[in-house]
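Let me begin by presenting the structure, written as structure tokens, before commenting on it.
Taken together, the values in this text are just the output of simple stated rules run on the coordinates, not laboratory data. Please read all numbers here as calculations on a predicted model, not as lab measurements. Note: ideal-geometry Cβ built from the backbone for every residue, glycine included; neighbour counts use all protein chains shown.
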């Protein structure tokens, strides 16, 4: 187990978070989604400007995970307001993203990031954490279920030409 460093990201960290976001999305969905669609999706949804705005928003929290040797960015989480097609209330928040680079997978970093995200959601005064995950991503779904999340709904969204089916998971805090 590695002693990963977790810290709240600032707008100045946005380029590092965007780098991890692009790399992790690519490594997760290469071979599943069209390459050009992945590049377009990452460029639109994971830019440094987007992460800078989320980091500056008091209702959002970006956590950056860094390697203990040299501080390279290796993972992150992003908490934002929920935007799912299920009923939500003032006590809900969304774990919009939780990703680690392949070199950190299986090291406990994912669990550490999840614990931090839960603590951050509670710190925002929330009592339910929601997230979406691709229905065919069995590894991620198993991880979330082991953390206590249960299916609360479904949604569909486009990534380029691909229509993706997600499960919406919820965890009472």
How big is the Kirkwood radius of the chain, worked out from every pair of different alpha carbons and given in Å to one decimal?
16.3 Å
If I take every Cα pair under 8 Å that is 6 or more residues apart in region 1-71, average their sequence separation and divide by the length, what percent do I get for the relative contact order?
57 percent
Among 127, 92, what is the fewest-to-most ranking by other Cβ atoms within 10 Å?
127, 92
What length, rounded to one decimal in nm, is gained on full extension from residue 103 through to residue 146, with 0.36 nm per residue of separation minus their alpha-carbon distance?
13.3 nm
If the chain between residue 7 and residue 39 were fully stretched, how many nm would it gain, using 0.36 nm times the residue separation less the Cα-Cα distance?
8.8 nm
Order of 83, 166 - criterion: other Cβ atoms within 10 Å of each residue's Cβ, fewest first
83, 166
Helix-only mean residue ellipticity at 222 nm, the chain, DSSP H runs n ≥ 4 weighted -39,500 (n - 2.57), per residue, nearest 500. What is it?
-11000 deg cm²/dmol
At R0 = 41 Å, how high is the FRET efficiency between residue 48 and residue 156 if r is their beta carbon distance? Nearest 0.05 is fine.
0.90
In nm, give the distance between the simple-model label positions of residue 165 and residue 115, each being 7 Å from the Cα along the Cα-to-Cβ direction.
3.6 nm
Taking Cα pairs closer than 8 Å and at least 6 residues apart, the relative contact order of the chain in percent is 21 percent
